[in-house]
Amino acid sequence: MTEAKSYTATAKWLHWGMALIWIVAWVVGIVAVHWRDEFNPQHQLTFLHKAMASTLLFLIVLRIAWRLAHPAPAMPNTMTPLVKRAAFIGHLLLYSVALVGLPISGWYWSSVADKPILVAGLFLLPPLVEADKSLYDLAKAIHTYTSWLCGVLVGGHVVVALKHHFIDKDKVLTGMLPGRVD
Ligand code: HEM
Ligand code: HEM
């Protein structure tokens, strides 16, 4: 199989679309919890958070299927094998923890709490497990700590992407920007 020079248009749409949803959902989640009295008195931000974030559960299926069928462009040779391996593991963590594990932990929390999730404000997500209030604190802690960990992970990912562009001056960031064809 010949190696692609950049990501496919579909991969770029999925990356930037999901990145936007993810970042907005993360900020809305933080504001919903930590500025509850000021901005979330009727739980409207909690509703928005769940409506947005739950769409990731569907988009990720499409994205993983697309990714398995379309290889990523080769990393530049200025990166050592060790750094390439670190980048690969970083991407794997973004997929498994930030895009799969975190939404599932939110789904789990709402399920044990017996609270609805209206996907994109359109239809109800069925509960993942039976409601069980005794698991509420555990489920809340899992979602909260994982969301902070993912904030650090995504923050690091953005810093590294900008470093590639402005310091290393390679094609890693432009390979994910619109316009280039492979
Ligand atoms: C099905 C998906 C999800 C559901 C049902 C869900 C549910 C929730 C709920 C109920 C809260 C508490 C809100 C409140 O008390 O007002 C929350 C908080 C939060 N969620 Fe999610 N969530 C989901 C996915 C995500 C995703 C994908 C992210 C990251 C983009 C995320 C990041 C956060 C953050 C940062 C908080 C605030 C944590 C804190 O500091 O206490 N959630 N989530
Ligand atoms: C402004 C924000 C972001 C920027 C500038 C950015 C930039 C990039 C770039 C340049 C790549 C290609 C890396 C390479 O070719 O080695 C990439 C890949 C990736 N990004 Fe982002 N990203 C952002 C936000 C996000 C967010 C929020 C997520 C998920 C929570 C995410 C998940 C991923 C994943 C999983 C890959 C690997 C794609 C693959 O090879 O299949 N990104 N990103």
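A few remarks follow.
- Residue that is nearest to ligand 2 (Cβ to nearest atom), among those in the stretch 8-39 that are within 26 Å of residue 149 (Cβ to Cβ) and aromatic (Phe, Trp, Tyr): 22
- Residue 75 being out of contact with any Phe, Trp or Tyr (no Cβ under 6 Å at 6 or more places or on another chain), open to solvent by 50 Å² or more (accessible area, probe 1.4 Å) and not in a helix (DSSP H, G or I): yes
- Residue count for the stretch 29-63 satisfying the condition of being touching a residue at least 24 places away in the same chain (Cβ under 8 Å) and more than 7 Å from ligand 1 (Cβ to nearest atom): 9.
- The criterion of being in contact with a strand residue (DSSP E or B) (Cβ under 6 Å, 6 or more places away or on another chain) and either loosely packed, with under 14 Cβ neighbours inside 10 Å or within 24 Å of residue 143 (Cβ to Cβ) (or both) holds for residue 51.
- Of all residues in the stretch 78-121, those satisfying the criterion of being assigned to a loop (DSSP other than H, G, I, E, B), within 16 Å of ligand 1 (Cβ to nearest atom) and not acidic (Asp, Glu) are 113, 115, 116, 117, 120, 121.
- The stretch 6-22 residues that are farther than 16 Å from residue 179 by Cβ and of a type outside the set (Asp, Glu), paired with ones that are open to solvent by 30 Å² or more (accessible area, probe 1.4 Å) and more than 9 Å from ligand 2 (Cβ to nearest atom) (beta carbon under 6 Å, 6 or more apart): 18/59; 21/52
- The number of residues in the stretch 1-41 being aliphatic (A, V, I, L, M), surrounded by fewer than 14 Cβ atoms within 10 Å (Cβ to Cβ) and not in a helix (DSSP H, G or I) comes to 1.
- Members of the stretch 150-170 that are under 17 Å from residue 86 (Cβ atoms) and either more than 11 Å from ligand 2 (Cβ to nearest atom) or not in a helix (DSSP H, G or I) (or both): 152, 167, 168, 170
The values are calculated or read from the model by the stated rules, or taken from the named source; none is laboratory data. None of the values given here were measured: they were computed from a predicted structure. Please note: Cβ atoms are built from the backbone with ideal geometry, for glycine as well, and neighbour counts cover all protein chains shown. Accessible surface areas use protein heavy atoms only, side chains included; no ligands, DNA or RNA. Shrake-Rupley method; radii C 1.70, N 1.55, O 1.52, S 1.80 Å.
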